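A.B. asks: Pasting a structure below so you can have a look.
What follows is calculated from the coordinates using simple rules that are stated; it is not laboratory data. A quick note: this is a predicted structure, and the numbers were derived from the prediction, not measured. Here the Cβ is made from the backbone with ideal geometry for all residues, glycine too, and neighbour counts use every protein chain on show.
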Amino acid sequence: MARKTTKKPKPLAARLAASPALVKKYQSDPGLRSKYLKGDLEKYLNPAQKKARALNVRLSAPIAAGSSTTERDLAHEAQAATTVKYGPQDRKIAEQLGISQQTEKDTGAFYDQYRQALQQHAQNVALYQAGAQQALANTAQGITGLGNQEAVQLQSQANQAAAQQGIAPAGDLSALANAAQATRQGVMASFQNQQTLQGAAANTYADAQANTVAPGQRLSALAQARGKTRDIQQKQADLATEKGAYDVQYRADRRTSELKNQIALGALGLNTAKAKADAAANTPEAKAATTAATSAASTAAKYGYTPHQWALLGPKGRQRVINASKAQGKSSPDMGKVNSYGYTEAQWRAMSTSQRQKVIKDFKASTAKGSKTKDVLPATKDARDFYNKYGVQPLSTEQHNTTRDQIGQAQRALKLVGTKDKNNKAITTDAIVNAMATGGTKGIPKLPAVVVRAALDVIRYGGVTNATADRLHKAGYSVAKLGLKPGKPKPAYKPPASGPAAQIPGVGGN
């Protein structure tokens with residue numbers, strides 16, 4: 001019996017190229033599309049699917065190397081922060097815009113009704129004038145007929161009176177009657193002409209009101225209403241621009257802060273568990289190298305350097321730092337004492353090697369020009385005022401920025417107070433403060449005491465107290481430059497000394 005041979009299935013790319021129906025099936029099924037349409041097969045995605053996939057890849061990327069926060073998380077954070085900051089303004093402008101647009105519609109309708117009333121009034125005036133002219137014409141005809149009748153009657157009465165007196169017939173009165181009739185007709189014609197002129201003026205005025213003044217008023221009112229609407233729309237556009245700038249700035253600050261956190265986590269060796277596990281799988285030489293690197297990093301952190309800075313110092317430079325640290329430890333120097341360069345001991349220790357070298361270089365340059373004083377006064381007026389007021393040199397903008405970021409880190413760490421740790425125990429403020437003092441907890445960096453104090457004040461009082469501000473000033477920091485506001489401690493609770501509440505245990509003072 002012949003043995004059956006099974007054909008190998010064609011590659012997916014070949015099957016997709018030969019079958020439009022199969023392409024459509026893979027495009028419409030998310031499961032198939034996500035598993036197979038990758039690499040060279042991505043060409044079978046439609047443009048919308050390619051765009052969506054690229055967007056998902058971008059949003060799923062971390063905002064900094066090693067961070068658990070993705071771009072999607074950052075977008076949600078930025079949107080929430082923008083809504084909180086600009087939500088009231090958005091609602092207010094939207095309400096104003098709705099009112100202005102409705103007013104604009106109502107203005108047009110009102111002036112349409114107003115013009116219709118004026119047009120009806122113009123028609124009524126024209127009808128009144130036509131009626132008056134017809135009445136005057138009828139009156140003029142009546143005057144003519146009445147004059148003829150009166151002339152005949154007067155002539156007849158005059159003839160009768162003459163016959164009764166036995167005299168000749170009376171003279172012809174037609175000339176007199178005609179003259180009187182002409183006079184009356186002239187007066188009537190003059191009045192009729194006057195009425196015609198008045199009627200024309202009334203008609204012209206009413207027509208101008210209806211067809212010239214009213215449309216002009218309508219256009220002017222609509223222009224004013226439209227102008228107000230445009231002003232509000234411009235405010236809305238300006239606010240949208242400001243919101244966009246805030247969103248961009250928020251994301252940039254968040255990325256920078258997260259990057260600094262990751263660098264701090266790596267520099268402090270908080271990922272030692274993974275490093276030990278990796279080193280255990282390596283050769284003895286690699287283990288020795290890892291141990292040496294870990295020891296060097298610990299030593300560098302002990303003296304306030306990163307591993308890279310510690311390596312750049314060289315053997316002699318590292319020994320000088322160690323000797324200076326030992327000498328300072330033995331002498332227990334006054335951290336508030338100002339040295340010959342115009343900086344306190346705390347400021348001098350907080351500076352990097354390059355910063356101290358620059359200060360020394362500037363000092364030597366100033367003394368080499370024949371200056372008799374050994375003090376290097378600040379160059380700017382603001383810095384001199386700070387020096388004269390607090391007796392210390394103000395720190396640089398870079399140092400202020402670093403400390404401001406550290407205060408933000410401390411605030412974020414303190415927000416963990418009240419949450420549960422991995423043992424389901426409530427995290428206390430003391431635990432967070434101790435972690436920041438030692439730097440021994442994952443995710444919480446080691447921070448100076450004055451930074452932790454400032455962060456606590458901001459959380460408790462909305463700003464720093466006078467005592468904390470004084471410590472910051474003596475350390476060379478400007479409270480305003482750090483972006484901090486003054487805060488006041490809340491008044492202590494005073495139990496009532498009288499009344500019903502005074503009798504309640506734990507509430508009253510009695």
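A.B. asks: Return M436, M351 ranked ascending by Cβ neighbour count within 10 Å, so the fewest neighbours appear first.
C.D. replies: M351, M436
A.B. asks: Compute the distance from the alpha-carbon center of the range 199-261 to that of the range 432-448, in whole Å.
C.D. replies: 53 Å
A.B. asks: Would you kindly calculate the translational diffusion coefficient of the range 395-489, applying Stokes-Einstein with the Kirkwood radius from alpha carbon pairs, for 37 °C and a viscosity of 0.692 mPa s, and quote it in µm² s⁻¹ without decimals?
C.D. replies: The estimated diffusion coefficient comes to 240 µm²/s.
A.B. asks: Please order V321, V452, V57 by the number of other Cβ within 10 Å, starting at the fewest.
C.D. replies: Taking fewest neighbouring Cβ atoms as first place, the list is V57, V321, V452.
A.B. asks: From the mean inverse distance of alpha carbon pairs (Kirkwood) and the Cα radius of gyration, derive Rg over Rh for the range 217-259.
C.D. replies: We get a ratio of 1.45 for the range 217-259.
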